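Below you'll find the structure, written out as structure tokens, and then a few comments.
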Amino acid sequence: MIEPKILTLPLTDEVIAKLRAGDRVLITGTIYTARDAAHARLVKALDAGQDLPFPLQGQIIYFVGPTPARPGQIIGAAGPTTSYRMDAYSPRLLEKGLKGMIGKGPRSQSVKDAMVKHKAVYLAATGGAAALLSKRIKSAEVIAYEELGPEAIRKLEVEKFPAIVINDIHGGDLYESARSKYALKSDYF
Amino acid sequence: MRTIKASEITEAVKKLCIEAAYFLNQEMMTAFKKAQESEESPISKAIFGELIENAEIAKTEMIPYCQDTGFAVFFIELGQGVRIEDGLLTDAINEGVRQGYKEGYLRNSICDPFTRKNTGDNTPAIIHLDLVEGDKIKIVFDAKGGGSENMSRVTMLKPSDGIEGIKRFVIQRCLEAGGNPCPPIVVGVGIGGTFETAAILAKKALLKPLEQENEEPVLAQLEQDLLTEINKTGHGAQGLGGRNFCLSVKVIRHPCHIASLPVAVNIDCHAHRHKETIL
């Protein structure tokens with residue numbers, strides 16, 4: 001396999017334009033966590049014309065709800081959750097300047113269209129490899145919606161966090177292209 | 001009559017919850033290694049390596065294998081010669097879950113379906129109870145992840161749909177699930193009974209040992225056929241393309257109504273976590 005690309009945050013339009021579906025990357029910098037309940041609140045805040053707890057412009061959201069950290073640990077297990085549940089909210093956040101999302105599993109057409117339009121990328125981390133991924137998180141701080149527990153928004157500093165580009169701004173979709181390479185003829189589909 | 005204290009059940013449940021989150025069963029490690037060797041896709045091959053490493057980190061550094069430490073599902077076989085002292089069985093199990101998830105630093109993932117407010121202690125557990133002969137209690141614990149549960153389905157086929165209809169439904173479901181349920185997946189299929197029986201049997205099928213061949217030749221064949229066809233989708237590990245999308249298919253059947261052919265497919269992710277004990 002080709003060596004992964006190093007991605008130092010924040011993501012610029014220039015860097016995003018060079019990313020292609022299938023590229024393996026190692027991400028270093030600040031990212032924010034949000035999953036179902038936090039997304040609902042972010043969009044509700046936007047609807048009400050309120051400020052968000054962190055600036056979306058140029059940022060990456062990681063869809064994750066970690067386990068509680070043991071004493072002395074930075075964070076517990078922290079792998080991605082399934083992304084399609086955020087499909088209802090993501091276009092709204094992309095419109096406001098969000099540049100990347102990390103999750104797992106395919107996205108809806110409206111999210112893919114919004115990514116092309118607003119020049120943003122969707123990346124996947126290995127779902128379920130949560131102990132392994134937690135080792136690449138160097139600091140974690142709850143910055144909003146603490147009462148949501150595992151669903152609170154956390155600011156994370158990550159170092160060489162491994163991910164793979166699924167959707168790029170050129171219309172590439174790794175889930176579609178990768179499967180077709182290995183699919184065999186079946187009477188059932 | 002043998003007496004078992006409710007507190008003994010609580011203690012056993014607590015231990016099962018913690019062990020399931022940190023120590024992946026050997027059968028999964030064996031399956032990962034086998035898939036890693038045979039896999040043609042470089043991405044899927046690398047992912048199998050990551051999963052093996054992840055399981056080792058989980059065990060040695062005490063970080064849960066997956067952040068989704070699951071819905072606490074129990075299959076209890078309660079011997080009719082057992083009398084439970086100092087409390088109710090349900091309360092004892094829920095207390096074990098409460099303590100296990102807290103002391104094990106596991107995630108509380110259960111909430112109200114409308115308000116989405118977290119119950120705060122991963123209860124209530126889902127408990128399936130069977131009364132059996134004897135004076136023991138067998139406790140089987142399944143830490144069921146939400147992502148793969150979301151990809152599961154129940155359907156009521158027509159008797160005329162037959163085995164081909166069953167195959168079509170199960171294979172189509174896995175095809176559509178794709179990368180969502182964290183493949184490599186394990187698939188449990190429940191056939192027959194009523195609407196709810198099929199679903200419970202599908203979950204029970206997931207708990208069978210992976211290498212155990214079905215004792216009924218017709219079901220052993222069905223399991224093999226389903227596995228072959230599901231892997232033809234090419235989804236591979238994580239849906240990123242490859243030959244090893246599904247590691248195992250297990251089927252349980254039950255007599256059904258002359259009008260019906262219920263079928264349930266319960267998908268599990270590679271964090272295939274179940275532990276059991278006998279008191």
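Computed values, structure above
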{"read-out": "Residue satisfying condition, being loosely packed, with under 14 Cβ neighbours inside 10 Å, of a type outside the set (A, V, I, L, M, F, W, C) and free of Cβ contacts under 8 Å to residues at least 60 places away in the same chain, within set B:GLU103, B:GLU133", "value": "B:GLU133"}
{"read-out": "Complete set of residues in segment B:66-77 that are more than 8 Å from every other protein chain (Cβ to nearest Cβ) and either of a type in the set (A, V, I, L, M) or part of a loop (DSSP other than H, G, I, E, B) (or both)", "value": "B:GLY70, B:ALA72, B:VAL73, B:ILE76"}
{"read-out": "Filter result for the condition that a residue is part of a strand (DSSP E or B), out of contact with any Gly (no Cβ under 7 Å at 6 or more places or on another chain) and not β-branched (Val, Ile, Thr), over B:LEU129, B:LEU175", "value": "B:LEU129"}
{"read-out": "Among the residues listed as A:LYS117, A:LYS112, the single one being in contact with an Asp or Glu (Cβ under 8 Å, 6 or more places away or on another chain), open to solvent by 10 Å² or more (accessible area, probe 1.4 Å) and more than 8 Å from chain B (Cβ to nearest Cβ)", "value": "A:LYS112"}
{"read-out": "Close pairs from segment B:256-279: first over 26 Å from B:GLY193 (Cβ atoms), partner open to solvent by less than 40 Å² (accessible area, probe 1.4 Å) and of a type in the set (Ser, Thr, Tyr), Cβ under 6 Å, at least 6 apart", "value": "B:ALA271/B:TYR65"}
{"read-out": "Unmet criterion (only one of (1) within 14 Å of chain A (Cβ to nearest Cβ); (2) in contact with a strand residue (DSSP E or B) (Cβ under 7 Å, 6 or more places away or on another chain)) for B:THR115", "value": "(2)"}
{"read-out": "Test: residue in segment B:139-149 that is among the aromatic types (Phe, Trp, Tyr) and out of contact with any strand residue (DSSP E or B) (no Cβ under 6 Å at 6 or more places or on another chain)", "value": "no"}
{"read-out": "Candidates B:SER44, B:SER38 - the one that is within 14 Å of chain A (Cβ to nearest Cβ), surrounded by fewer than 21 Cβ atoms within 10 Å (Cβ to Cβ) and more than 19 Å from the chain's Cα centre (by Cα)", "value": "B:SER38"}
{"read-out": "From the options A:GLY128, A:GLY149, residue that is assigned to a loop (DSSP other than H, G, I, E, B) and either loosely packed, with under 15 Cβ neighbours inside 10 Å or within 14 Å of chain B (Cβ to nearest Cβ) (or both)", "value": "A:GLY128"}
{"read-out": "Segment B:183-217: number of residues that are in contact with an Asp or Glu (Cβ under 9 Å, 6 or more places away or on another chain) and assigned to a loop (DSSP other than H, G, I, E, B)", "value": "6"}
{"read-out": "Close pairs (6 angstrom Cβ cut-off, 6 or more residues apart or separate chains): at pLDDT 95 or above in segment A:101-122, of a type in the set (Lys, Arg) anywhere", "value": "A:ALA120/A:LYS99; A:TYR122/A:ARG107"}
{"read-out": "Condition met for A:GLU159 (open to solvent by 10 Å² or more (accessible area, probe 1.4 Å), within 26 Å of B:ILE52 (Cβ to Cβ), in contact with a Lys or Arg (Cβ under 9 Å, 6 or more places away or on another chain) and away from chain B (no Cβ under 14 Å))", "value": "yes"}
{"read-out": "Which listed residue, of B:LYS144, B:LYS117, B:LYS158, B:LYS136, is out of contact with any helix residue (DSSP H, G or I) (no Cβ under 7 Å at 6 or more places or on another chain) and at pLDDT below 95", "value": "B:LYS117"}
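The values are calculated or read from the model by the stated rules, or taken from the named source; none is laboratory data. These numbers were taken from a predicted model, which means no experiment stands behind them. Methodologically, a virtual Cβ is constructed for each residue, glycine included, from the backbone with ideal geometry; neighbour enumeration extends over all protein chains shown. In case anyone asks, the SASA skips ligands and DNA or RNA and just uses the protein heavy atoms, side chains included. Shrake-Rupley method; radii C 1.70, N 1.55, O 1.52, S 1.80 Å.
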